[in-house]
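Notes for the one structure printed next.
The values are calculated or read from the model by the stated rules, or taken from the named source; none is laboratory data. All of these numbers come straight from a predicted model, not from anything done at the bench. Heads up, the Cβs are rebuilt from the backbone with ideal geometry, glycines too, and the neighbour counts pull from every protein chain shown. To get the accessible areas, we keep the full protein, side chains included, count just its heavy atoms, and leave off ligands, DNA and RNA. Shrake-Rupley method; radii C 1.70, N 1.55, O 1.52, S 1.80 Å.
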Amino acid sequence: MSKWHLRRLGEVAEIISGATPKTNILRYWDGNILWATPRDLGRLESIEINDTERRITKAGYESCSTRLLPVGSVLLSSRAPIGHLAINGKPMCTNQGFKSLVPGDALYNRYLYWFMKGSISELQSLGRGCTFDEISKGLVESFKIPVPPIDEQHRIVARIEDLTFRAEEARRARQKARTQISTLFFLRRQA
C-alpha cells in the first residue's frame with residue numbers, strides 16, 4: 001500500500017468564499033449566472049448541482065466579491081448550516097455561506113466530496129459565531145485531509161459509491177415493502 005500524505009486542505013485545493021450582490025438593486029438579479037445558496041444544496045438528491053433557485057446578472061457579479069467556480073468544484077456550506085455539500089456540474093457562484101473547494105491536481109473532486117461528507121460532524125464542532133455557527137476560510141484551509149495517490153482515490157470513490165448505491169436500493173426496497181404492507185392492511189380493514 002502506498003503512503004498517504006496528510007495535507008492541509010489549502011495546500012491541495014483553492015478555498016473560495018462566496019458573496020451576495022445587494023438584494024435591493026434589481027439589475028443585479030434574474031440574470032444568467034447561477035448563484036447557489038445553502039438552501040439549493042439542502043434540496044439536492046444527488047451529489048451534483050446543475051441549477052440554482054436564483055441567478056445574478058453580470059452587473060451583480062461585478063458588484064461583489066463572488067467568483068465563478070469552475071465545473072467540478074466542491075461546494076461546502078460554511079454556515080446556516082455547516083455541511084451541505086455538492087459538486088457543481090456547471091460554472092456557478094455562491095453566496096457568503098460557502099467555502100468552496102477547487103481541487104488541485106493531487107485531488108479527485110469526488111474523493112474530496114466523500115472525505116468532506118465524512119468530516120461534517122468534525123467541521124460542525126469547529127463552527128463559531130454569535131447568531132449562528134460558521135467555519136472560517138482559515139479553518140477550512142488548515143483542515144487536514146489524507147491524500148493517497150490519485151488512482152487510489154478513484155478506487156476509494158468507486159467502492160464508496162457502489163456501497164451507497166446498494167444502500168439506496170435496499171432503502172427503496174424496504175419502502176416499497178412498507179407501502180405494500182400498508183395497502184394490504186387498508187384493504188383488510190375495508191373488507
In the range 101-116, is there at least one residue being more than 16 Å from the chain's Cα centre (by Cα), of a type in the set (D, E), open to solvent by less than 60 Å² (accessible area, probe 1.4 Å) and over 23 Å from D51 (Cβ atoms)? no
Name the helices (runs of 4 or more DSSP H) wholly inside the range 106-167 in which the number of residues that are basic (K, R) is 2 or more. 109-118
Scanning the range 25-36 for residues that are open to solvent by less than 80 Å² (accessible area, probe 1.4 Å) and either of a type outside the set (S, T, Y) or in a strand (DSSP E or B) (or both) gives I25, W29, G31, I33, L34, W35, A36
Based on this model, can you work out whether A59 counts as in contact with a helix residue (DSSP H, G or I) (Cβ under 6 Å, 6 or more places away or on another chain), over 24 Å from E134 (Cα atoms), open to solvent by 10 Å² or more (accessible area, probe 1.4 Å) and in a loop (DSSP other than H, G, I, E, B)? no
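Each row is one residue, and each column tells you yes or no for (1) farther than 27 Å from K117 by Cβ; (2) under 17 Å from the mean Cα position of the chain (by Cα); (3) open to solvent by less than 30 Å² (accessible area, probe 1.4 Å).
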site: T23; (1), (2), (3): yes, no, no
site: E45; (1), (2), (3): no, yes, no
site: T52; (1), (2), (3): no, yes, yes
site: S63; (1), (2), (3): yes, no, no
Pairs, please: C-beta under 7 Å, at least 6 apart or cross-chain, first residue on the phi > 0 side of the Ramachandran plot and modelled with pLDDT of 95 or more and in the range 126-154, second among the basic types (K, R) and outside any helix (DSSP H, G or I)? none
Select, from R7, R39, the only residue that is open to solvent by 80 Å² or more (accessible area, probe 1.4 Å), more than 17 Å from G97 (Cβ to Cβ) and either in contact (Cβ under 8 Å) with a residue 40 or more places away in the chain or assigned to a helix (DSSP H, G or I) (or both). R7
Could you please let me know if S78 is small (G, A, S), over 24 Å from W4 (Cβ atoms) and open to solvent by less than 30 Å² (accessible area, probe 1.4 Å)? yes
